[in-house]
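A.B. asks: There's a structure below that I have some questions on.
Read the figures in this text as sums done on the coordinates, not as results from a lab. Everything numeric in this text was worked out from a predicted model, so none of it was measured. Don't worry about glycine lacking a Cβ; one is built from the backbone with ideal geometry, like all the others, and counts go over all protein chains shown.
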Amino acid sequence: MSLLTLSNVTKRFGGLTAVNDLSFTLTAGETVGLLGPNGSGKTTALNMISGYLPVTSGSIALDGTTISTLGPERIAHRGVARTFQLVRALPSLTVGENVLAALAFRKDPLWGSKAEAKIENLLADVGLAGRQQEQASNLTYIDLKRMELARALATEPKLLLLDEWLAGLNPTELRAGIDLITRLRQSGITILLVEHVMDAVRALCTRCIVMNTGSRLADGPTADVLADKSVIRAYLGD
Ligand code: ADP
């Protein structure tokens, strides 16, 4: 059954068409890569799915219900969460407080001891067990990414949107990051990830959608898509 459906979604910024008549569906439980050269419209697509940008035309449905008319908070309540390309931590707060702030976005916000227990569980899930009291500004880059993931998972999303979550990691961190996303996949969550790290795409994604100049160029099993001549051409430029 399809969890997410984009139907003829277009986004224009003045005269520029950033996303052009984009249609695809995600089935519950899939991990799908959203690929394409810089400027092809991937982040704009994630911004529309999560409600941070309104669509110019077309529609987006989650579980068969239109969400493209809703704002980010209501879309979060329905089960969509995302991480941002640039980590948006609140550096003056502790790790625990950063996750607590995200718990406020739940449809059923948690407080007191329930919130404390949930924060501990979330931090353990992302590999930050026992680090609640640390200042976010003291975290290493990978640990900031882990914290950002804990924040996204605080709403117990059905659909997780990852925007270059694995970018900028060294090879050891990348392996740890891939392991972490693999564990998440096994929990049954549906993941759409924008990613340039091809080793990660091969390791994590069963299927890839490729965008080029706002349009869908390819959609299929990862190995087929990555071997597609038009995809290779789009990446290399012609
Ligand atoms: P990608 O994520 O694939 O690199 P983006 O979605 O960021 O691509 O951008 C697609 C196109 O839309 C680019 O040409 C970009 O400059 C433009 N764009 C993105 N956001 C805005 C905005 N807020 N205002 C105007 N143009 C934008």
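A.B. asks: If each residue of separation counts as 0.36 nm, what is the full-extension length gain between GLN133 and ASN170 once their alpha-carbon separation is subtracted? Before the final figure, lay out each step's value.
C.D. replies: On the way: separation 37, 0.36 × 37 = 13.32 nm, distance 2.59 nm.
Using 0.36 nm per residue and subtracting the Cα-Cα distance, I get 10.7 nm.
A.B. asks: List the chymotrypsin sites (Phe, Trp or Tyr not before Pro) within region 87-190 that fall in a DSSP loop (any state other than H, G, I, E or B) and whose Cβ has at most 12 other Cβ atoms within 10 Å. Write out the running numbers ahead of the final one.
C.D. replies: Details: sites: PHE105, TRP111, TYR141, TRP165; in loops: PHE105, TRP111, TRP165.
Those satisfying the criteria are TRP111.
A.B. asks: Could you work out the relative contact order of the chain? I mean the mean sequence separation of Cα pairs under 8 Å and 6+ apart, divided by the number of residues, in percent. Let's see the in-between values first.
C.D. replies: On the way: 452 pairs, mean separation 61.9, N = 238.
Once normalised by length, the contact order is 26 percent.
A.B. asks: Would you mind checking which residues have amide H under 5 Å from THR56's amide H? H placed 1.01 Å from N; only 5 or more apart, or other chain.
C.D. replies: Sorted by chain and number, the residues that satisfy this are THR10, LYS11, ARG12.
A.B. asks: While we're on this one: Going from the alpha-carbon gyration tensor of the chain, what semi-axes, largest first and in whole Å, does one get by taking the root of 5 times each eigenvalue? Intermediate results must be reported in sequence, preceding the final value.
C.D. replies: On the way: eigenvalues 174, 87, 50 Å².
Three semi-axes, in Å: 30, 21, 16.
A.B. asks: Report, by chain and number, residues whose modeled amide H sits under 5 Å from the one on VAL210, excluding near sequence neighbours (fewer than 5 apart, same chain).
C.D. replies: When sequence neighbours closer than 5 places are left aside, the close amide H contacts are LEU35, LEU217, ALA218, ASP219.
A.B. asks: Where both residues lie in the chain, what percent of DSSP beta bridges are antiparallel, nearest 5?
C.D. replies: Just about 60 percent of them are antiparallel.
A.B. asks: Taking H as built 1.01 Å from N, whose amide H comes closer than 5 Å to the amide H of ARG82, not counting residues under 5 places away?
C.D. replies: Distant-sequence amide H within range of ARG82: LEU161.
A.B. asks: Okay, next question. Would you mind calculating the gained length between ILE232 and ARG106 on full extension (0.36 nm times residue separation, minus the Cα-Cα distance), in nm to one decimal? Walk me through the intermediate numbers first.
C.D. replies: On the way: separation 126, 0.36 × 126 = 45.36 nm, distance 4.09 nm.
Gain on extension, ILE232 to ARG106, equals 41.3 nm.
A.B. asks: Once phi is turned into θ = phi - 60°, what whole-Hz ³J(HN,Hα) does the Karplus curve with 6.51, -1.76 and 1.60 give for every residue of region 63-72, x standing for Gly and Pro?
C.D. replies: These are the phi-based 3J(HN,Hα) values: 6, x, 10, 5, 10, 6, 9, 9, x, x Hz.
A.B. asks: Then there is this: Given the pairs LYS118/LYS145; LYS118/LYS158; LYS114/LYS158; LYS11/LYS118, which span a C-alpha to C-alpha distance of over 26 angstrom in this model?
C.D. replies: As for pairs spanning more than 26 Å Cα to Cα, those are LYS11/LYS118.
A.B. asks: Under 9 Å from the Cβ of THR222, count the other residues' Cβ atoms, weight Lys and Arg +1, Asp and Glu -1, and hand me the total. Please report the intermediate quantities before stating the final value.
C.D. replies: On the way: positive: ARG202, ARG207; negative: ASP224.
Cβ neighbours under 9 Å give a net charge of +1.
A.B. asks: Right, next: For MET1, what is the net charge nearby, where nearby means another residue's Cβ is under 13 Å from its Cβ and Lys, Arg count +1, Asp, Glu -1?
C.D. replies: Working: positive: LYS158; negative: GLU30, ASP63.
Its environment carries a net charge of -1.
A.B. asks: If R₀ is 35 angstrom, what is the calculated FRET efficiency for the pair ASP21 and HIS77, using the beta carbon separation as r and rounding to 0.05?
C.D. replies: On the way: r = 29 Å, r/R0 = 0.82.
Computed FRET efficiency for ASP21 and HIS77 comes out at 0.75.
A.B. asks: Nothing charged except the Cβ atoms of Lys and Arg (+1) and of Asp and Glu (-1): what's the magnitude of the dipole of the chain about its Cα centre? Round to the nearest 20 debye.
C.D. replies: Details: 24 positive and 23 negative charges, 71 e Å.
Result for the chain is approximately 340 debye, rounded to the nearest 20.
A.B. asks: Shifting gears a bit: Between ASP199 and ALA61, what is the label-point separation in nm under the 7 Å Cα-to-beta-carbon projection?
C.D. replies: So the two model labels end up 4.1 nm from each other.
A.B. asks: For an R0 of 35 angstrom, estimate the FRET efficiency from the Cβ-Cβ distance between LEU93 and ASN38 and round to the nearest 0.05.
C.D. replies: 0.60
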